1. Please tell me if LEU139 is exposed (fewer than 10 other Cβ atoms within 10 Å of the Cβ) and either hydrophobic (A, V, I, L, M, F, W, C) or modelled with pLDDT of 80 or more (or both).
2. Please work out if PRO147 is over 30 Å from ARG27 (Cβ atoms) and at pLDDT 65 or above.
3. Consider only pairs whose beta carbons are under 7 Å apart and that are at least six residues apart or on different chains; among these, list those whose first residue lies in region 93-114 and is more than 18 Å from LEU24 (Cβ to Cβ) and whose second residue is of a type in the set (A, V, I, L, M, F, W, C).
4. Going by the conditions given, is ALA69 small (Gly, Ala, Ser), touching a helix residue (DSSP H, G or I) at 6+ places or on another chain (Cβ under 8 Å) and touching a residue at least 12 places away in the same chain (Cβ under 8 Å)?
5. Among (1) hydrophobic (A, V, I, L, M, F, W, C); (2) at pLDDT below 95; (3) within 24 Å of SER108 (Cα to Cα), there is one condition VAL18 misses while meeting the rest; what is its number?
6. Kindly evaluate LEU70 against the criterion of being under 20 Å from GLN16 (Cα atoms), at pLDDT 95 or above and under 21 Å from the mean Cα position of the chain (by Cα).
7. Which residue, of THR154, THR94, THR82, is loosely packed, with under 14 Cβ neighbours inside 10 Å, modelled with pLDDT of 75 or more and closer than 30 Å to LEU165 by Cα?
Amino acid sequence: MLKVNCESKDTATLQQLVPFQGNLKKRKASDIEALISSLRDEGLMMPFAVWSNPDGKMCLLDGHGRLEALVQMSLKDIDILTQEFPIIKIAAETEEDAKKALLQITSSYGKIDKKGLAEFTVKIPEYVAPVILKAKPRLSKPRLKKPQGMAKLTLFVPLDKVADLKKILAETPYITVAE
């Protein structure tokens with residue numbers, strides 16, 4: 001059984017949830033592995049968002065990644081398949097309205113600010129949310145100013161020949177090699 005850290009009056013099993021977003025969002029195997037790790041360590045933090053279509057099926061609007069991760073986890077813990085998970089019901093009259101709701105739910109209207117994150121987590125410095133771990137800081141490379149009258153040239157060289165080529169180029173007086 002998976003620890004569930006959210007509540008809702010409505011619940012569903014994984015088999016009752018019907019994926020709805022198609023190929024809208026792509027996930028790598030590493031994304032699902034990170035989500036599995038988060039679910040194991042922290043439990044389920046958010047209910048699934050569903051829309052009941054005219055046939056009565058529970059179409060999943062939010063939680064496709066969690067569903068995929070939980071299905072994979074159920075291969076090792078069969079009880080997850082029969083476990084009831086919290087759901088919230090999203091009102092939509094038509095499939096088109098449900099698609100609009102899905103896009104609204106998954107939209108992002110902001111980005112995490114480094115300074116704001118530091119202030120927010122000051123009392124929990126040891127904790128790093130999984131999605132933040134995934135983001136790699138962009139290190140700015142020092143830009144080499146191109147001298148006037150010079151052109152930039154990009155070369156593709158076999159890895160085992162890079163050192164040899166750098167040595168040759170470094171000995172040529174009119175060539176500057178940028179790292």
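The values are calculated or read from the model by the stated rules, or taken from the named source; none is laboratory data. Quick caveat, the model's predicted, so the values are computed rather than measured. Neighbour counts are summed over all protein chains in view; Cβ atoms, including those assigned to glycine, are modelled from backbone coordinates with ideal geometry.
1. In short, yes.
2. Numbers: over 30 Å from ARG27 (Cβ atoms): yes; at pLDDT 65 or above: yes.
For PRO147, the condition - over 30 Å from ARG27 (Cβ atoms) and at pLDDT 65 or above - is met.
3. Taking only residues 6 or more apart or on different chains, the pairs are ILE112/ILE132.
4. Values: small (Gly, Ala, Ser): yes; touching a helix residue (DSSP H, G or I) at 6+ places or on another chain (Cβ under 8 Å): yes; touching a residue at least 12 places away in the same chain (Cβ under 8 Å): yes.
Considered against the rule, which asks whether it is small (Gly, Ala, Ser), touching a helix residue (DSSP H, G or I) at 6+ places or on another chain (Cβ under 8 Å) and touching a residue at least 12 places away in the same chain (Cβ under 8 Å), ALA69 comes out as yes.
5. Failing condition for VAL18: (2).
6. On the way: under 20 Å from GLN16 (Cα atoms): yes; at pLDDT 95 or above: yes; under 21 Å from the mean Cα position of the chain (by Cα): yes.
Yes: the conditions hold for LEU70.
7. On the way: THR94 fails: closer than 30 Å to LEU165 by Cα; THR82 fails: closer than 30 Å to LEU165 by Cα.
Selected residue: THR154, the only one of THR154, THR94, THR82 that is loosely packed, with under 14 Cβ neighbours inside 10 Å, modelled with pLDDT of 75 or more and closer than 30 Å to LEU165 by Cα.
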